[in-house]
Each structure stands twice: as structure tokens, then as C-alpha cells.
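*Asks:* Could you have a look at this structure, given as C-alpha cells, before my questions?
The values are calculated or read from the model by the stated rules, or taken from the named source; none is laboratory data. Note that this is a predicted model, so its numbers are computed, not measured. For neighbour counting, all protein chains shown are included, and Cβ atoms are generated from backbone atoms with ideal geometry for every residue, glycine included. The area values use the complete protein model at the heavy-atom level, side chains included, leaving out ligands, DNA and RNA. Shrake-Rupley method; radii C 1.70, N 1.55, O 1.52, S 1.80 Å.
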Amino acid sequence: MPTPPRFASAFALASDWRDALAACLERLHPPRGANLGFVYWSDYFNREADSLVQRLRQRTGIQHWVGGSTLGLLGREGAQMEAPGLSLLVARLPENSFRVFSGRQPLNRAHGFSPEMAVIHADPATPDVPGLVRDMAGKLPAAHLTGGLMGGRNGTVLYADACFSGGLCGVAFNSSVRFISDLSQACRPIGPPHEIGTVDENLLSKLDGRPALTVYRDAVGPALAINLQRAVDDVMVGLVHDDPARYVVRHVIGVDSPGGRIAINDLPEEGQKMLFVRRDADTATYDLQRMLERILARCPHPQAALYISCAGRGSQLFKRDDSEIEAIQSVFGGIPLAGFFAGGEILASELYAYTGVLTLFT
């Protein structure tokens, strides 16, 4: 006898939240005993967010929900930036296998609960989100963390059993729930790694003992070196922490020609390794396929997926907003899937940009 499904998902676009919710509920078919839901809604629905989730509770019987507002939605049925809609993933998990947490409801180890992994959602307006991510990752074995920054044109709404703004929230799981995650960078390195020498906050003065701007000009090539405004649009910095394959992409936000310095939108450390990287459509497609092949080898038969893609990807980098969903389905079929376009993507202890993070429940 086949094992009953533990997950279900639904995705719908509609200008009114009631219509989007009705369409999702018609498609959802929650597994019997479902006890946790992920809910992502277009920021067009922020004012009605509490009513939306209360209606979900009433119609599904699922009491615990996590998620928030976003500028774009992803689901098994498609993906769309800048469109009102809703994306849901629900699960039937073992009793006492998860804890919803937030600033109002901190994660703790009460009643024998030992967190192993977590999915988190963060408000981008919160100071030092990278520091909060690292702190949260430090509470988990092997820093097994995934998630992203939510969004909103007029403020961000987070949800963790209640609506609020600021900080981060999510759901932690013990060892009876397993998932694996991987990311696609959509960038290719230009040249070898460099060692950061003298820095002053976000200003890099020396790379490999040479003026940082000189190294940057060499990396971008003669055509771009004479047009630095175009260069900073095309060539970015990849900061390496531990794994060179998981560098964190940051923008070059200015150059100091007289001082030979470059400025980036992060605070690197002296002695840290970095790369110059270029992002383009061909690299993005290739790198996404490589990521899918890697994670397929680790998990050939997943039960469900969460996919979080940078808001700078979608049709800006691929043919269509739903191209990444199409690629995932070509590998894993029509498994239950929900997700959103993010202002930053979280994996392990890092806050990334321009990436796609795929999490598979095993």
C-alpha cells in the first residue's frame, strides 16, 4: 500500500485575497492530520494578512503557520513577480517535532525539544540581519538553516502564529524531520581569488598587496576599465568565508580613483579571501542545473520543496519568472512546492544575494 502523502501545496494569483485563497484551498488537498503550514502572500495583501491566515486556520484546521509578505511568489503551478497572489505548503509532521518561534515566542529547549534545523524569515529593515542569521545558525548543529528576507512596498509583514514586523521568525525542527538544502549562485568567477589587505570599513585599499582599484581594473578588462560606471553594474565581489564555492556576492558601490580604493556594500576583514564575479543568463542557467544535479544525487525522492529565489533573478536573468520552477520540475516532477522571491537568501550561517536556495524535505 502506498505511503500517504505528508505534504501538499497550492499557488494562485488573484487581485483579491479571498479569490486567491479560495483557488488555493480548492487545489490544496491537505494530508489528514496536517499540523504545519508555510504561507507566502503578495504584499498587496498586507492589510488583510491576519484575516487571510485566520481563514486558513478555519478552513484547514492547521493551527501553526509561518511565512510573510513578498514582492513575488513561487509555487508548483508557476511563479510571478509583482503580482497579487498566494503560495502555500502544508505538512503532517510527527507530534512535538517542530516549534514556531519569533521575538515574541523565543526558541528554547523546553519539554525536551532539541532543534536540529530551521526555516527562517526575516524583515530586511531589521539592523544587522547577517548577525542575527549567524546567531541563529550557531544554535543549530552544523548550522542547518535556510530561509530568506521577506518584502513589501510599504513595509514587511512576518508571520509566526501571529502577524508582526521586525527581526526574524520561523520554525525549528528536531531530528525526526529532515531536509537538505543547496544554492545556485548564478555567477562565475573572473580570475583567481585575492587576499584583502588594508580595509577601512567598506573601503578596500589593498588586494594581494596592490591597490584594490588596479586589481579591479585588471579583472574587468580593458573595455570596462575605461568605463567604471558600467563595470560596477557588470562585475561584483564574492566574499569568501569558509567554502569558496559559497561566496557571498556584494556590489561594488563606488571607486576612489585618487586613492586606488573600491567600496563595497559589506564590511570585509583583512586577510579574507574574495573573488571578482560576473552574473549573466548563461551562467545562471548552467549553475542552476548543476545545483539540481548535486541535490538530486543527495535526495533522489524528496517529498516536498521550498524554493527561495532572489528578486533580481526571475525574468531578469532567465526567460520567464517561472523558468526556475520549470527546471526544478524537470528534475523532481510535480512535488509539492512553495516559495517566494526574496531580498536576500539564507543558507547555513550566511545571508546571500542573487542566489536560488532549494530546500527538499526528505
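*Asks:* With everything on Cα atoms, drop me the angle between helix 49-60 and the longest principal axis of the chain, reported from 0 to 90° to the nearest 10.
*Replies:* Approximately 40 degrees, to the nearest 10.
*Asks:* Expressed in nm to one decimal, what extension gain is obtained for the pair residue 135 and residue 297 from 0.36 nm per residue of sequence separation less their Cα-Cα distance?
*Replies:* 55.3 nm
*Asks:* Here is a follow-up. Given a 10 angstrom Cα cut-off, can you work out which residue in 307, 44, 159 is the most mobile in a GNM of the chain?
*Replies:* Maximum fluctuation in the GNM of the chain, among the listed residues, is at 44.
*Asks:* Also, quick follow-up: Quickly work out the residue 202-to-residue 51 label distance, labels modelled 7 Å from Cα along the C-beta direction, and quote it in nm with one decimal.
*Replies:* The answer from the label model is 4.0 nm.
*Asks:* Here's another thing I want to ask about it. Compute the length gained on full extension between residue 226 and residue 265: take 0.36 nm times their separation in residues and subtract their Cα-Cα distance, giving the result in nm to one decimal.
*Replies:* Gain in length upon complete extension: 11.8 nm.
*Asks:* Provide the FRET efficiency to the nearest 0.05 for the residue 59-residue 316 pair, computing r from the beta carbons and using R0 = 35 Å.
*Replies:* 0.50
*Asks:* With a 10 Å cut-off between alpha carbons and a GNM built on the chain, which of 243, 256, 19 moves the most?
*Replies:* 243
*Asks:* Right, something else. I'd like to check one number: the per residue accessible area of the stretch 145-192, probe 1.4 Å, reported in Å² as a whole number.
*Replies:* Value returned for the stretch 145-192: 29 Å² of accessible area per residue.
*Asks:* Here's something else I'd like to know. Report, to the nearest whole %, how much of the accessible area of the stretch 210-362 belongs to carbon and sulfur atoms, 1.4 Å probe, protein only.
*Replies:* 50
*Asks:* If the viscosity is 1.306 mPa s and the temperature 10 °C, what Stokes-Einstein diffusion coefficient in µm²/s follows for the stretch 207-362 when Rh is the Kirkwood radius over Cα pairs?
*Replies:* This corresponds to a translational diffusion coefficient of 92 µm²/s.
*Asks:* Just to confirm, what accessible area per residue do you get for the stretch 253-327 at 1.4 Å probe, in whole Å²? Don't skip to the answer; put the middle values down first.
*Replies:* Working: 3650 Å² over 75 residues.
Value returned for the stretch 253-327: 49 Å² of accessible area per residue.
*Asks:* Per the Kirkwood formula on distinct C-alpha pairs, the Rh of the chain is how many angstrom? Mind showing how you got there, number by number?
*Replies:* Details: mean 1/r = 0.0474 Å⁻¹.
When all Cα pairs of the chain are included, the Kirkwood radius is 21.1 Å.
*Asks:* Could you please tell me the mean projected area of the C-alpha convex hull for the stretch 35-153, averaged over all directions and given in square nanometres to one decimal?
*Replies:* 8.5
*Asks:* Still on this structure, please answer the following. Per DSSP helix of 4 or more residues, -39500 (n - 2.57); summed, then divided by the residues of the chain. What does that give at 222 nm, rounded to the nearest 500?
*Replies:* Value at 222 nm, helices only: -6500 deg cm²/dmol.
*Asks:* A further question follows. Quote to one decimal, in nm, the extra length available between residue 282 and residue 96 on full extension: 0.36 nm per residue of separation minus the C-alpha distance between them.
*Replies:* So the chain would gain 62.5 nm between residue 282 and residue 96.
*Asks:* If you roll a 1.4 angstrom probe over the protein chains with everything in place, what fraction of the accessible area of the stretch 50-191 belongs to carbon and sulfur, to the nearest %?
*Replies:* Carbon plus sulfur share of accessible area: 48 percent.
*Asks:* Count neighbours as other Cβ atoms within 10 Å of each site's Cβ, and list the trypsin sites (Lys or Arg not before Pro) in the stretch 268-321 that are DSSP loop with at most 11 such neighbours.
*Replies:* Counting only loop positions with at most 11 other Cβ atoms within 10 Å, the trypsin sites (Lys or Arg not before Pro) in the stretch 268-321 are 319.
*Asks:* To continue, here is another question. Under a 10 Å cutoff between Cα atoms, tell me which one of 84, 244, 192 has the largest fluctuation in the Gaussian network model of the chain.
*Replies:* Maximum fluctuation in the GNM of the chain, among the listed residues, is at 192.
*Asks:* Among 258, 216, 299, whose Cα projects farthest towards the positive end of the dipole of the stretch 197-314, with charges put on the beta-carbon of Lys, Arg (+1) and Asp, Glu (-1)?
*Replies:* Selected residue: 299.
*Asks:* Alpha carbon centre of the stretch 187-265 versus the stretch 76-129: separation in Å?
*Replies:* The stretch 187-265 and the stretch 76-129 have Cα centres separated by 35 Å.
*Asks:* In whole Å, largest first, what are the principal axis extents of the Cα atoms in the stretch 23-64?
*Replies:* 31, 19, 15
*Asks:* If you don't mind, another one. Would you please state the base-10 log of I(q)/I(0) at q = 0.20 1/Å for the stretch 96-255, with intensities from the Debye formula using one equal scatterer on every alpha carbon?
*Replies:* Values, matching the q order: -1.24.
*Asks:* Shifting gears a bit: Run the reach check for residue 319 against aspartates and glutamates, Cα to Cα strictly under 16 Å, same-chain hits fewer than 8 apart removed. What comes back?
*Replies:* 280, 282, 287
*Asks:* Here is a further query. Where Rh is the Kirkwood radius over the Cα pairs of the stretch 288-351, the temperature 37 °C and the viscosity 0.692 mPa s, what D in µm²/s does Stokes-Einstein return?
*Replies:* 260
*Asks:* Something else now. In nm, give the distance between the simple-model label positions of residue 188 and residue 114, each being 7 Å from the Cα along the Cα-to-Cβ direction.
*Replies:* Each label point lies 7 Å from its Cα, and together they span 4.6 nm.
*Asks:* Out of 167, 65, 150, whose Cα points farthest toward the positive end of the dipole of the stretch 63-204 (charges: +1 Lys, Arg; -1 Asp, Glu; placed on Cβ)?
*Replies:* 65
*Asks:* How large are Rg and Dmax for the stretch 1-84 when only the alpha carbon atoms are used, in Å?
*Replies:* Expressed in Å, the Cα Rg and Dmax of the stretch 1-84 come to 12.8, 45.
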